[in-house]
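Visitor: Please find one structure pasted underneath; my questions will follow.
Derivation of every value follows stated rules applied to the coordinates shown; laboratory data play no part. Since the structure is predicted, the reported quantities are computational estimates derived from the model, not experimental observations. Here the Cβ is made from the backbone with ideal geometry for all residues, glycine too, and neighbour counts use every protein chain on show.
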Amino acid sequence: MALLDVADLWAVVEAPTGEAPAVRGVSFALAHGRTLGIVGESGCGKTLTALAIMGLLPRGVHGRGRIGFAGVDLLTQPEDTLCRLRGQRLAMIFQEPMTALNPLHPVGRQVAEPLRIHRGMGQAAAYAQALRLLTEVGLDQSARRMSQFPHELSGGQRQRVMIAMALICGPDLLIADEPTTALDVTVQAHILDLVRALVDERGMALLLISHDLGVVAETVAEVAVMYRGRIVERGPVTAVLGQPAHPYTQGLMQALPRLDARRGERHRVVPGAVPPLGPPEPGCAFAARCALAEPACRTSDPPMAPAGPDHTAACIHIAAARGAWRP
Amino acid sequence: MSAFLVRRLLTLAATLLAASLVIFVVVEVLPGDPARTILGPEADPEAVAALRVRLGLERPPAARYLAWVGGLLGGEFGVSYTYHVPIGGLLAERLAITLPLAAVAMALTTAIALSAGVYAAARRGSAGDVAVMALTQLGIAVPGFWFAILLILLFAVELGWFPAGGFAGWDAGIGAALRSLVLPAIALALVQAAILARVTRSAVIEVLDEDFMRTARAKGLSRRAALWRHGLRNALVAVVTVMGLQFANLTAGAVVLENVFALPGLGRLAFQAISQRDLQLVRDVVLLFAVVVVAVNFLVDLLYAVIDPRVKLSA
């Protein structure tokens, strides 16, 4: 049985003009110890999907559907059950390590806190374990840093602190929402290596949310591409990023800057922009920006269709798209 | 930390110096000859002139300013010519009423405002929130002296729980003395609590939307526990700032309420000294108010450093 089994998940934003679904019927499963990346542009619903799993959707956003985690549906669990799972079996690291740590508490106290909450550990024992983990995640001078405050640390150091804090109770699932986006490129690579190593070592499942195809390609085994609240393509990273079957994924891949581009060659982009959030409309979400779109695309929602081994895409033109693909 | 303290203490001294100059100038330009006011309109001009000499009013302003400030620094406050007692003792006696009054009022303000503000913020948009907001609107709109009259009618005249006015004196025992401070403190506190509750509410709401509150919840803290362990102290910076300003308002409010409740405090003394043209006393009382306000602001600055570890670096 999968550790995480998300089925037909909707996240609906309450707006003065009515309800707008930001996540529309997302389904995926993630087994123990496996890694899945969710990629997509800003506003495609990837962060809301992650927050829905944590049960931490912001005010005015409601989750519907089913989020199976270790056999229970998180969406129907009472708050105190979710509190017991969060930080203990489900952990999350956030994009902005600057603001995601409490500026008024010393680092050691923040890292030790989940142990105090979930294990009822005394301060000394919890702090000792926090120090071990901070050393393990590669925070230099970790003993001295225990009593420092977040503003005394660099962005990379703060993200190491966040990682230690998320891992201290040994969760089954780690959700990392753009964990390296706010960091310098060199620091990014270190943090990604660290996350990968820790996930391997501890046999955790990893759900990595990113807009960065490179980060996803390096870190996870499987990937799901989201567009306007839906998963439009999913499969092994090598297949999806190597031979994308959905015109949107193809557009994303072609939009990557290339070192071998000819002089004067224009940088390719996905034409158009993501339309604003609104009430759901029929048809393929990408039809308005798709070169292959035809009337049938605008009337019915394309189902996920096979595009290769374990590889599926929500497009009625997979064959045509495949034929048109040139990296 | 020591550089922080030294800088704050220097600011404090400079502020008091500026305050003493402003007070002196304002008191100088107040119309009316103190000597004539004391002796009455029918008095012999020679007696008035003699009194002016005795009060030192014939000396140039700069000399009088230096004499005043020099005297204060040397602990020499002079003698009030309306009360015929040393001003130092008079101020100490009055301060022993006004400071406890302000302290009790501030404690009440904080207790009411923090509980109402946090309650409303945690239930943003609910009926409870709307009710708290409506009550605080009422509290801000209604003047303190009117609350005072209502409180006297209910708790003093009808129920007889507290005295309607006057001060039992600290010699009568702490219980009796505090009893005479309860109603004025409530009247003072209600208005300030209404303001502070609104500040607390918005500060807490702002903190609830911070990323680190989401992190706290992601660790497994309930909404309430996250608010208490991570939210409140972060919201406190804004709240403490306003509390410092409010303490100044409380001392000003004490001038009015001490008159309503016939409490012989510093506010009443200021009021009487001004009506009697007791200029030396006016100067000293007003400067004492300034000292209280500046000292409270100094404490607030220290509190910032206690609450927020980032303050020491940026100070």
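Visitor: Calculate the mean, over all residues of peptide A:99-107, of how many other protein chain Cβ atoms lie within 10 angstrom of the residue's Cβ.
Guide: 6
Visitor: Return a whole-number percent for the relative contact order of chain A, with Cα pairs under 8 Å and 6 or more residues apart as the contact set.
Guide: For chain A, the relative contact order is 20 percent.
Visitor: Distance in nm between label sites at B:R123 and A:L292, each 7 Å beyond Cα in the beta-carbon direction?
Guide: The answer from the label model is 5.6 nm.
Visitor: If you don't mind, another one. Please state the relative contact order of the range B:87-314 as a whole percent: Cα pairs under 8 Å, 6+ residues apart?
Guide: It rounds to 27 percent for the range B:87-314.
Visitor: Something else: Quick check: convex hull over the Cα atoms of the range B:87-314, volume per residue in Å³, rounded to an integer?
Guide: So the per-residue Cα hull volume is 150 Å³.
Visitor: How are the alpha carbon pair distances in the range A:165-277 distributed across 10 Å bins from zero to the largest one, expressed in percent?
Guide: Going from the shortest bin to the longest, the percentages are 11, 38, 35, 13, 2, 0.
Visitor: So, counting K/R as plus one and D/E as minus one, what does the shell of residues with Cβ under 12 Å around A:T312 add up to?
Guide: Around A:T312, the charge tally is -2.
Visitor: Give me a single rounded figure for A:86-94: the average over its residues of other chain Cβ atoms within 10 Å of their Cβ.
Guide: Shielding by partners across A:86-94 averages 4.
Visitor: Same structure, new question: Would you mind calculating the gained length between B:R223 and B:V26 on full extension (0.36 nm times residue separation, minus the Cα-Cα distance), in nm to one decimal?
Guide: 65.5 nm
Visitor: If neighbour count is taken as other Cβ atoms inside 10 Å, put A:Y227, B:Y83 in order from fewest to most.
Guide: Ordered by Cβ neighbours within 10 Å, fewest first: B:Y83, A:Y227.
Visitor: Would you mind ranking B:M106, B:M133 so that the residue whose beta carbon has the fewest other beta carbons within 10 Å leads the list?
Guide: Starting with the residue having the fewest Cβ neighbours, the order is B:M133, B:M106.
Visitor: If you don't mind, there's one more thing I want to ask. In peptide B:220-226, what is the residue-averaged number of other protein chain Cβ atoms found within 10 Å of each Cβ?
Guide: That average works out to 5.
Visitor: What's the exposure ranking of A:T17, A:T180, going from fewest to most Cβ atoms within 10 Å?
Guide: Fewest to most other Cβ atoms nearby, the residues stand as A:T17, A:T180.
Visitor: Next question, about the same structure. Determine the relative contact order of the range B:205-306: mean sequence separation of Cα pairs under 8 Å and six or more apart, normalised by residue count, in whole percent.
Guide: The value is 23 percent.
Visitor: Still on this structure: For every other residue with a beta carbon closer than 10 angstrom to the beta carbon of B:I97, add +1 if it is Lys or Arg and -1 if Asp or Glu, then tell me the sum.
Guide: Value of the local net charge: 0.
Visitor: Now a separate question. Mean shadow of chain A, computed from the convex hull of its alpha carbons, in nm²?
Guide: 18.5 nm²
Visitor: Calculate, in nm to one decimal, what A:A261 and A:E41 gain on full extension: separation in residues at 0.36 nm each, minus their alpha carbon distance.
Guide: My answer for the length gained is 76.9 nm.
Visitor: Shifting gears a bit: If R0 is 60 Å, what FRET efficiency do you get for A:S27 and B:L5 from their C-beta distance, rounded to 0.05?
Guide: Using R0 = 60 Å, I get an efficiency of 0.45.
Visitor: How big is the range B:147-280 on each of its three principal axes, counting only the C-alpha atoms and giving the largest first in Å?
Guide: Computed over the range B:147-280, the largest-to-smallest principal extents equal 63, 39, 27 Å.
Visitor: Would you mind telling me which residue in B:L66, B:L227, B:L208 has the biggest mean-square fluctuation in a Gaussian network model of chain B, where springs connect alpha carbons within a distance under 10 angstrom?
Guide: Greatest mean-square fluctuation among the candidates belongs to B:L66.
Visitor: Then there's this: Calculate for the protein assembly as shown the 222 nm mean residue ellipticity that helices alone would give, adding -39,500 (n - 2.57) per DSSP H run of length 4 or more and normalising by residue count, nearest 500 deg cm²/dmol.
Guide: -17000 deg cm²/dmol
Visitor: Over every pair of different alpha-carbon atoms in the protein assembly as shown, take the mean of 1/r and invert it; report that Kirkwood radius in Å.
Guide: Evaluated on the protein assembly as shown, it is 30.0 Å.
Visitor: Follow-up question, since we're still on this one. Averaging the inverse of every distinct alpha carbon separation and then flipping it gives the Kirkwood radius. What is it for the range B:176-236, in angstrom units?
Guide: Computed over Cα pairs of the range B:176-236, the Kirkwood hydrodynamic radius comes out at 13.5 Å.
Visitor: Taking a ≥ b ≥ c as the square roots of the Cα gyration tensor eigenvalues, with a/c under 1.5 meaning rounded and otherwise prolate when a/b beats b/c, else oblate, which class fits the range B:247-287?
Guide: It comes out oblate by the Cα gyration axes.
Visitor: Moving on to the next point. Of all DSSP beta bridges located in the protein assembly as shown, what percent are antiparallel, nearest 5?
Guide: Antiparallel bridges make up about 65 percent of those DSSP assigns within the protein assembly as shown.
Visitor: Ok, one more. Quick one, can you get me the convex hull of the C-alpha atoms of the range A:1-115 expressed as volume per residue in Å³?
Guide: With only Cα atoms used, the range A:1-115 gives 141 Å³ per residue.
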